[in-house]
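Reviewing the structure listed below.
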Amino acid sequence: MRQGSQTAPEVQIVAFKLEEEEFAVDIHQVHEVLKLVPVTPLPQAAHFIEGVINLRGEVIPVIDLRKRFELPAQERNNQTRIIIVEIEEHNVGLIVDFVTEVLRLPAEAIQPPPARVAGARNELISGIGRLEGRLLIILNLAKILTMHAKIALEEVIPTPEEHSV
Amino acid sequence: MEGYEDLFLAETQEYLQIITRCLLETEKNPAGEHFAEMFRAAHSLKGMAGTMGYELMAGLAHEMESLLDQLQQGKVAVGPDCINLFLEGVDLLQLLTENLHQQQGFRADVEALQERLRLWQITGKENLPANVSPAPKGRQTGTEGTLQEGHAPAWEGLLNNFEKETLKEALQQGKEIYQIYVRLRRDSFLKSVRVYMVLKVLEGVGEVVKAEPSLQALEEEKFDREFFLLLVGKLQAVPLQKLLENIAEIEKAELTPVDIEARPFAAGAGQNGGKQGKTTPAQIARPVEKMVRVETAKLDNLVNLVGELIINRTRVLELGKKVGDAQLSSTLEQLERITAELQSAVMTLRMVPVKQVFDRFPRMVRDLSLEKNKKVELIISGEETELDRTIINQVGDPLVHLLRNAVDHGLEEEEERKKKGKDPLNKIFLSAHHEGSHVVISVEDNGRGIDLQAVKERALKKNIISREKMKRMGAAEALQLIFQGGVSTSRKVTDVSGRGVGMDVVKTAVEELHGTVEVHSVPGQGSRFMLRLPLTLAIIRTLMVRCGREMYAIPVEAIRENLFIEPQGIRTIGGEQVITLRQEVLPLYFLQELLAQGSPSAQEYYSVVVVEAGGKKAGFAVDALLGQQEVVIKSLGRFVYDLQGIAGATVLGDGRVILILDVAGLLEGRRLDFGEKSNDH
């Protein structure tokens with residue numbers, strides 16, 4: 001409220017890590033961040049669906065983003081978090097290695113996903129944010145969660161040439 | 001208005017159903033007194049459509065209403081063509097509701113039909129004795145029973161003692177009496193609204209003592225376009241006439257002071273006044289509104305909250321036991337009783353009579369029977385049986401399938417029936433009744449029954465069974481084949497059914513509702529399909545079992561019995577593990593393996609739950625049986641696809657999420673390779 005209209009438009013994001021890459025989701029999609037809770041496994045579900053948890057009486061599915069991006073499993077530790085996001089009016093949990101921080105980025109620091117040629121998966125990214133040398137890949141969660149096909153990590157990470165564009 | 005659209009659609013649907021039902025009943029029995037009900041429905045529909053600004057719908061409903069009025073008064077005779085005309089009207093209204101925002105595209109259709117309805121009103125009248133003056137249109141001025149301008153009612157004769165007393169009192173208080181004459185415009189649509197607005201204006205200046213026609217008749221639009229009111233009040237400073245004429249659609253308003261005691265005013269209209277009560281089309285008493293319409297989302301929310309409450313109650317009770325305080329225990333007992341009552345009260349809110357679904361079938365069967373040229377009588381019973389709203393909403397499609405199937409190839413043509421010496425009339429019985437915690441809906445016909453040989457051949461052709469299997473197959477087993485995709489009960493494919501889609505869809509739909517389908521058929525005598533549905537979907541009774549570290553809930557309706565079995569009781573036949581239960585050989589599955597949750601540990605004996613669903617029976621070996629529990633079913637949320645064998649989840653008192661198994665799905669899924677399925681590519 002106080003900021004008025006003079007301030008440049010900003011985007012708030014929640015940043016988190018998977019392997020060495022830093023990802024982010026729009027804060028408007030994030031309901032809360034939980035420490036790891038027991039997850040009830042779902043037989044026969046897609047392999048990246050870890051299971052379901054009880055979020056204040058609501059049963060919601062939890063997705064292991066490492067598995068979603070075909071990364072090797074990693075020991076869960078006290079930094080592992082479940083980010084509860086709301087997508088298309090439904091809550092979903094995302095298991096991530098750790099949540100780095102909540103960031104404000106000027107809107108101009110966010111670029112649209114780079115156009116790529118063959119095997120393009122740029123629909124999985126809603127933008128790329130840059131902040132003091134960091135590269136934050138802002139995920140298009142709706143797409144990532146509803147797509148049936150496998151997604152390899154490389155498919156959501158821009159190549160070095162694209163970084164420099 | 002946006003927010004009211006859903007309500008409007010829901011109510012319109014209801015009124016259209018009422019009209020359809022009444023029409024069909026009238027068709028069967030023209031002497032039946034259904035006009036009043038239809039009239040009321042058409043009238044309400046018109047009012048709503050008018051308020052919402054759907055003038056085409058309002059206009060069409062208006063013509064239907066006018067004709068109904070004529071029918072009701074016996075001025076026009078009812079006949080099959082007339083019924084068809086009304087059904088066309090219903091269809092068109094239906095079309096308009098389905099295309100709420102593109103109604104203008106139907107203008108020509110609506111106008112054509114309106115014209116036909118109007119014509120009917122005139123032609124019908126030609127049958128009447130000559131001395132009755134015709135009223136070509138409902139809206140036309142000056143006919144029998146209606147008042148004409150200047151022919152004011154003989155108030156004196158109309159007033160009862162009480163009203164006279166009121167007038168006398170008013171005069172004593174120095175008030176004056178006025179007669180107010182109001183004439184609406186010829187094209188006025190919502191006459192009752194105009195009446196209401198007039199009364200609203202008058203409310204501010206005095207008291208309406210009497211109306212002619214009566215206020216009730218005015219509200220129900222049982223008047224042409226003119227009416228008189230008797231008002232007491234002090235009007236000197238009020239430009240009443242101006243105020244009234246400012247109301248939209250009012251053509252003329254006239255104010256005349258009257259002296260009620262001195263002179264019986266308005267000569268020449270005596271014969272109108274006294275009889276008015278009788279000549280108004282049957283005074284229809286408006287049923288007192290005992291219902292409240294609630295958005296279903298709100299209801300669902302309430303049910304959910306009660307579900308939460310029950311989960312927490314269970315938890316609190318557990319904690320209470322640990323504490324062991326006497327006062328606390330008795331309070332908790334109270335809490336338990338109240339929540340249980342609350343739960344059942346809330347559940348009844350979701351219950352609606354199956355009539356809501358059944359009502360659309362008479363029309364459908366009638367149309368189908370005309371199309372197929374087979375005489376069919378649909379006999380409905382038990383329509384007051386109540387079911388959970390969600391189930392009601394989803395049971396319609398399977399029933400449509402079954403009824404279409406019945407008409408299309410269950411039933412025979414008249415000649416064929418006569419040849420066989422059967423009653424020439426085809427009959428379909430649609431019924432519903434309670435059976436324990438279930439409702440059974442059955443669709444039965446007295447047609448030719450299911451040709452099992454044809455079914456078997458079809459299944460063979462589609463590679464569903466082998467030739468040897470076909471030979472060995474008994475009648476009951478062969479009958480189950482109709483529920484397989486691709487197997488039709490008919491030899492020929494028609495546009496209605498017989499393409500082999502249908503029965504499998506019926507079965508899937510019913511099983512999704514945690515219900516079962518049974519079929520009985522006697523060649524030459526008919527078939528009977530029975531859908532057994534749970535009363536509610538929100539809460540089910542389950543048996544809790546443990547497998548490894550996980551617990552699962554198995555719906556008790558799928559459980560036949562529980563038993564313990566030693567490892568040597570398990571045999572292997574053709575690579576599959578089986579157990580023998582009273583000479584019956586049953587496949588045995590370790591639930592943990594079935595759910596791909598690792599291998600079971602070796603035990604001295606196994607607990608086996610014998611389950612049956614979808615025509616298959618099997619044993620599930622589990623580590624432990626933990627007892628029965630009522631659970632609230634929750635969906636697994638979006639983004640979780642194709643979980644064959646899982647019906648949903650529930651949250652236990654301690655917050656743990658437990659999966660509820662779908663036994664039919666699990667047994668069905670045995671043919672699939674689960675490993676493949678999880679690699680969703």
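Key figures for this structure:
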{"read-out": "Modelled label reach - B:Asp187, point 7 Å along Cα→Cβ, segment B:94-124 residues with backbone N closer than 15 Å", "value": "B:111"}
{"read-out": "B:Ser601-B:Val205 pseudo-label distance in nm [points 7 Å out on the Cα-to-Cβ vector]", "value": "9.3"}
{"read-out": "Per-selection Rg to Rh, segment B:7-65 - Cα, Kirkwood hydrodynamic radius", "value": "1.01"}
{"read-out": "Residue among B:Leu594, B:Ile573, B:Leu563 farthest towards the positive dipole end of segment B:539-678, charges placed on Cβ", "value": "B:Leu594"}
{"read-out": "Relative contact order (%) - criterion: Cα under 8 Å, at least six apart; region: segment B:2-125", "value": "27"}
{"read-out": "Dipole moment magnitude, nearest 20 debye, segment B:298-350 about Cα centre, only Lys, Arg, Asp, Glu C-beta charged", "value": "80"}
{"read-out": "Amide H contacts under 5 Å for A:Thr100, placed H, 5+ residues apart", "value": "A:Ala15, A:Phe16, A:Lys17"}
{"read-out": "Prolate/oblate/rounded label for segment B:390-462 (Cα gyration tensor, a/c 1.5)", "value": "oblate"}
{"read-out": "Net charge of neighbours whose Cβ lies under 9 Å from the Cβ of B:Gly648, counting Lys and Arg as +1 and Asp and Glu as -1", "value": "0"}
{"read-out": "Calculated over segment B:2-125: convex hull of Cα atoms, volume per residue (Å³)", "value": "81"}
{"read-out": "Centre separation in Å (Cα based) which lies between segment A:92-112 and segment B:440-480", "value": "59"}
{"read-out": "R0 of 51 Å, Cβ-Cβ distance B:Arg560-A:Gln111: FRET efficiency to nearest 0.05", "value": "0.25"}
{"read-out": "Estimated dipole of segment B:149-201 in Debye, rounded to 20 [Cβ of Lys and Arg +1, of Asp and Glu -1, Cα centre]", "value": "360"}
{"read-out": "Separation in nanometres of the label points that stand 7 Å from Cα toward Cβ, at A:Val102 and B:Thr331", "value": "3.7"}
{"read-out": "Nearest-0.05 FRET efficiency for B:Gln628 and A:Glu132, computed from C-beta distance (R0 60 Å)", "value": "0.50"}
{"read-out": "Burial ordering of B:Glu169, A:Glu75, B:Glu511, B:Glu416, fewest other beta-carbon atoms within 10 Å first", "value": "A:Glu75, B:Glu169, B:Glu416, B:Glu511"}
{"read-out": "Approximate spin-label separation B:Val316-B:Glu176, in nm, with each point projected 7 Å along Cα-to-Cβ", "value": "6.9"}
{"read-out": "Cα centroid separation - segment B:60-120 against segment B:184-207, whole Å", "value": "27"}
{"read-out": "For B:His433, B:His43, order by how many other beta-carbon atoms lie within 10 Å, fewest first", "value": "B:His433, B:His43"}
{"read-out": "Sequence-distant lysines (8 or more away, or on other chains) whose Cα lies within less than 20 Å of B:Lys456", "value": "B:Lys469, B:Lys471, B:Lys492, B:Lys507, B:Lys616"}
{"read-out": "Likely footprinting exposure, B:Arg571, B:Arg366, fewest C-beta neighbours within 10 Å first", "value": "B:Arg571, B:Arg366"}
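Since every read-out is calculated from the coordinates, none of them should be taken as a lab result. A quick note: this is a predicted structure, and the numbers were derived from the prediction, not measured. Backbone-built Cβ (ideal geometry, glycine too); neighbour counts: all protein chains shown.
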